[in-house]
Every structure is written in C-alpha cells, then in structure tokens.
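Chemist: First the structure, then my questions, so here it is.
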Amino acid sequence: MSKPKKRGPGRPKLKSGEAKSVLIQVRVTPEEARAIEQQASSSRKPRSEWIRRRLVPPAPGEGNPPAPQAPVQPG
C-alpha cells in the first residue's frame, strides 16, 4: 500500500496553454506611471488588465467594449 502523494504549497499548475506565458516589460516615466494607475483605478480594473485591454481590445462579443482612448501626450 503506498501513501497518496502530498501536494506542495501554492496554487496548482495550470494545464498547458491555459497559463499566460509571456511577460512584457516596458519602462515609463513617473508621470506616465501615475496616469496609468489613475486610469486603471478609475476603470476599476487591475493595472495589468487595463493595459492589456488598451493594447489588445476584446474580440467582438467578448466582455465589455473597449474604453474610449485618452489622448497620448508626446514624450
């Protein structure tokens, strides 16, 4: 008789293809970071989701329609 395998701490791994697998980093100025935080907060979305939706809007019929875009300040 063998003992059941004990699970380790933390969240179980997701199946292949279910996990987000690419991390993209970008540098912004402190002013840009504040603007991103403010807009994400006002839309009641986490910063990463807000950025993702601004860059890649959901396909038609998926989720909420994209928010109107704010003018981009030349930098």
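Chemist: If you add up the charges near Ile51, with Lys and Arg at +1 and Asp and Glu at -1, over every other residue whose beta carbon is less than 12 angstrom from its beta carbon, what do you get? Walk me through the numbers before you get to the answer.
Modeler: Details: positive: Lys45, Arg47, Arg52, Arg53, Arg54; negative: Glu32, Glu37, Glu49.
Combined, the nearby Lys, Arg, Asp and Glu give +2.
Chemist: Also, quick follow-up: For every other residue with a beta carbon closer than 13 angstrom to the beta carbon of Val26, add +1 if it is Lys or Arg and -1 if Asp or Glu, then tell me the sum. Can you show the working numbers first?
Modeler: On the way: positive: Arg27, Arg47, Arg52, Arg54; negative: Glu32.
Around Val26, the charge tally is +3.
Chemist: Next up: Quick check: pseudo-label points 7 Å beyond the Cα along Cα→Cβ at Glu18 and Arg54, how many nm apart are they?
Modeler: With each label point 7 Å from Cα toward Cβ, the separation is 3.1 nm.
Chemist: Which of the peptides 28-39, 9-20 is most tightly packed, and how do the rest follow, going by the mean number of other Cβ atoms within 10 Å of each residue? Don't skip to the end; give the middle numbers.
Modeler: Values: 28-39: 11.8, 9-20: 7.0.
Result, highest mean first: 28-39, 9-20.
Bear in mind that the values in this text are calculations on the coordinates, not laboratory data. These numbers were taken from a predicted model, which means no experiment stands behind them. Virtual Cβ from ideal backbone geometry, glycine too; neighbours counted across all protein chains shown.
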